[in-house]
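Bear in mind that the values in this text are calculations on the coordinates, not laboratory data. Every value quoted in this text rests on a predicted model; they were computed, and no experiment measured them. Cβ placement follows ideal geometry from the backbone for every residue including glycine, while neighbour counts extend to all protein chains displayed.
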Amino acid sequence: MRTTHDPAKSRTNEEKHRVSLALAEEIDWPSVWCTPDDRKDYGELREIGYAVIDARLYCVVFTQRGETFRVISLRKANNREIERYEKATHIDP
């Protein structure tokens with residue numbers, strides 16, 4: 001699957017979160033655990049997802065346009081998000 005991002009937004013994201021939006025190219029999109037971002041009306045469906053990259057959990061905000069994922073924000077997940085992700089994705093035997 002293809003990812004895109006705004007280069008200017010990537011620079012801003014890197015300054016704020018120390019993560020380039022280009023890192024999203026390493027996301028295994030079918031494995032992303034996500035929920036709609038309904039905090040406000042963005043004029044399009046945005047989603048907040050959690051993805052593992054190099055054994056580290058990241059929070060990614062994105063919108064899907066056809067087969068392309070447009071990345072809006074990417075940062076390392078905080079402890080609260082890691083805990084929520086682990087509870088949501090844990091499968092009891």
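I'd like the full set of residues that are of a type in the set (Gly, Ala, Ser) and within 10 Å of the chain's Cα centre (by Cα), limited to the range 50-77. Talk me through it step by step, then tell me what you get.
Residues of the range 50-77 of a type in the set (Gly, Ala, Ser): 51, 55, 66, 73, 77.
Passing the criteria: Ala51, Ser73, Ala77.
Is there a residue being among the aliphatic types (A, V, I, L, M) and in contact with a Cys (Cβ under 9 Å, 6 or more places away or on another chain) anywhere in the range 19-36? Before the answer, list the steps.
Taking the range 19-36 as the starting set, the residues that turn out to be among the aliphatic types (A, V, I, L, M) are 19, 21-24, 27, 32.
Then drop every residue that is not in contact with a Cys (Cβ under 9 Å, 6 or more places away or on another chain), which leaves none.
Taking every residue of the range 19-36 in turn, none turns out to be among the aliphatic types (A, V, I, L, M) and in contact with a Cys (Cβ under 9 Å, 6 or more places away or on another chain).
Looking only at the range 37-49, which residues are over 10 Å from the mean Cα position of the chain (by Cα) and closer than 17 Å to Ala88 by Cβ? Talk me through it step by step, then tell me what you get.
Just the residues of the range 37-49 that are over 10 Å from the mean Cα position of the chain (by Cα), to begin with: 37-46.
If the condition is that a residue be over 10 Å from the mean Cα position of the chain (by Cα) and closer than 17 Å to Ala88 by Cβ, then Asp37 is the only one that fits.
Restricting attention to the range 2-27, and to residues there that are among the charged types (D, E, K, R) and more than 12 Å from the chain's Cα centre (by Cα), which single residue is nearest to Gly66 (Cα to Cα)? Walk me through it before giving the result.
Looking only at the range 2-27, we keep the residues that are among the charged types (D, E, K, R), and these are 2, 6, 9, 11, 14-16, 18, 25-26.
Next, from what is left, pick out any that are more than 12 Å from the chain's Cα centre (by Cα): 2, 6, 9, 11, 14-16, 18.
On the way: Arg2: 10, Asp6: 17, Lys9: 21, Arg11: 25, Glu14: 26, Glu15: 29, Lys16: 29, Arg18: 29 Å.
Out of the qualifying residues, it is Arg2.
Quick check: is even one residue across the range 6-13 in contact (Cβ under 8 Å) with a residue 60 or more places away in the chain, in contact with a helix residue (DSSP H, G or I) (Cβ under 8 Å, 6 or more places away or on another chain) and either surrounded by fewer than 17 Cβ atoms within 10 Å (Cβ to Cβ) or in a strand (DSSP E or B) (or both)? Lay out the reasoning, then the answer.
Going residue by residue through the range 6-13, those that are in contact (Cβ under 8 Å) with a residue 60 or more places away in the chain are 9, 13.
Filter once more, keeping what is in contact with a helix residue (DSSP H, G or I) (Cβ under 8 Å, 6 or more places away or on another chain): 9, 13.
Imposing the further condition that a residue be either surrounded by fewer than 17 Cβ atoms within 10 Å (Cβ to Cβ) or in a strand (DSSP E or B) (or both) reduces the set to 9.
Yes - at least one qualifying residue is present in the range 6-13.
Is one or more of the residues making up the range 16-24 exposed (fewer than 12 other Cβ atoms within 10 Å of the Cβ), hydroxyl-bearing (Ser, Thr, Tyr) and in contact with an Asp or Glu (Cβ under 9 Å, 6 or more places away or on another chain)?
Let us first name the residues in the range 16-24 that are exposed (fewer than 12 other Cβ atoms within 10 Å of the Cβ), namely 16, 18.
With the extra rule that they be hydroxyl-bearing (Ser, Thr, Tyr), the set shrinks to none.
The answer is no; no qualifying residue exists.
State all residues of the range 27-80 that are small (Gly, Ala, Ser), outside any strand (DSSP E or B) and surrounded by 11 or more Cβ atoms within 10 Å (Cβ to Cβ); if no residue qualifies, say none. Give the derivation first.
As a first pass, look at the range 27-80 and keep what is small (Gly, Ala, Ser): 31, 43, 49, 51, 55, 66, 73, 77.
Those left that are additionally outside any strand (DSSP E or B): 31, 43, 55, 66, 77.
Ser31, Ala77, listed by residue number.
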